[in-house]
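The values are calculated or read from the model by the stated rules, or taken from the named source; none is laboratory data. Predicted model only: the values in this text are computed from it and were never measured. Here Cβ is always computed from backbone atoms with ideal geometry, including for glycine, and neighbour counts include all displayed protein chains. Only protein heavy atoms, including side chains, enter the accessible area calculation; ligands, DNA and RNA are left aside. Shrake-Rupley method; radii C 1.70, N 1.55, O 1.52, S 1.80 Å.
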Amino acid sequence: MEFIKRFFRSFASPSSLHEAGILSMNMRNLDYVIKYNPRKLLPQVDDKLTTKRMAEKANVDVPELLGVVEYQHDIKDLGTLLEEHNSFVIKPAQGSGGKGILVIVGRDGPRYVKASGDTLEFEDINRHVSNILGGLYSLGGKSDVAMIESLIVADPVFNDYSFEGVPDIRMIVFRGFPVMGMLRLATRASDGKANLHQGAVGVGLDIASGKSLRAVQFDLPIDRHPDTGHSFEKLAVPHWDKLLKLTSACYDMTGLGYLGVDIVLDERDGPLILELNARPGLAIQIANNCGIQPRLELIESLPNWTMPINEKVTFSKEHFAM
């Protein structure tokens, strides 16, 4: 709690912010995003389809791509594509903030069942894809591409800690070193989405073990999930070592030095890369009750960054354990 109080006071006191090791937005942009993320490489992560194809080529685990609709005239084949699948996710390749993502969990006769239980006609799906292609959900309203992916079935370890939506893990990776992690859990307030600004819960994670450190909602500490009532005290993310290695591999895959990596845990396939972000937010520091700046500076001070993934993961676990 004391860290949280100091964090908010730091908005009026740069010295307090620096003392707490908090990375500010300006510092993130100037010292890390601009310095370590070459502009020419940004399209790799700004377009989800490009990211996915790059990940598949690099043998980095991602949800299966079932199909792509690139042009309005391709929509005529959508029915044939969806015929083989009872569940799937449709998303815009250049969308942001979860906008335009449609999750179908099953069929009820000819109708498609959403995660909320509501149903849609095929024409509703058709219209949604057309809106994606028209740029309704893309930044700047530019023409977009619709991706159709396999539905992720969340690992049951999270059943007591999330409301409707699929939890995800945000990991900040610097030069291939996992430096700070946070589990994002959907709530009723966030409408079943793992979006902290809408009221999802952020749970800080120990880099050494994947165990929960503390949890926050709307930037304030909480002990239990607001909807399920379950305590976060014994929560731990499984497949932790595999997850760390997967996030570390994203540096070699993209060449981007400062990355936010979003991972989901599928019941069958384990950790999967969901999305990459070259400008990740900073609320992860509040969830961890810890500033990220000292960790970044420690990695910058290393004489050699070109070590194997296993060594980078071991370094992070040894130096950033809580």
**OP:** Pick out the one residue from Lys142, Lys99 that is open to solvent by 70 Å² or more (accessible area, probe 1.4 Å) and farther than 27 Å from Asp269 by Cβ.
**Re:** Lys142
Subject >> Residues of region 282-300 that turn out to be touching a helix residue (DSSP H, G or I) at 6+ places or on another chain (Cβ under 8 Å), open to solvent by 10 Å² or more (accessible area, probe 1.4 Å) and of a type outside the set (D, E, K, R), as a count >> reply: 6
**OP:** Could you please let me know if Ile152 is under 28 Å from Tyr258 (Cβ atoms) and open to solvent by less than 50 Å² (accessible area, probe 1.4 Å)?
**Re:** yes
Original post:
Inside region 280-316, can you point out the residues that are among the hydroxyl-bearing types (Ser, Thr, Tyr) and over 23 Å from the mean Cα position of the chain (by Cα)?
Top reply: Ser301, Thr306
Original post:
Just one of Asp160, Asp124 is open to solvent by less than 60 Å² (accessible area, probe 1.4 Å) and either farther than 29 Å from Leu256 by Cβ or out of contact with any strand residue (DSSP E or B) (no Cβ under 9 Å at 6 or more places or on another chain) (or both); which is it?
Top reply: Asp124
Subject >> Entirely in region 178-281, the strands (runs of 3 or more DSSP E) that have 3 or more residues that are open to solvent by less than 30 Å² (accessible area, probe 1.4 Å) >> reply: 201-205, 212-217, 258-266, 270-277
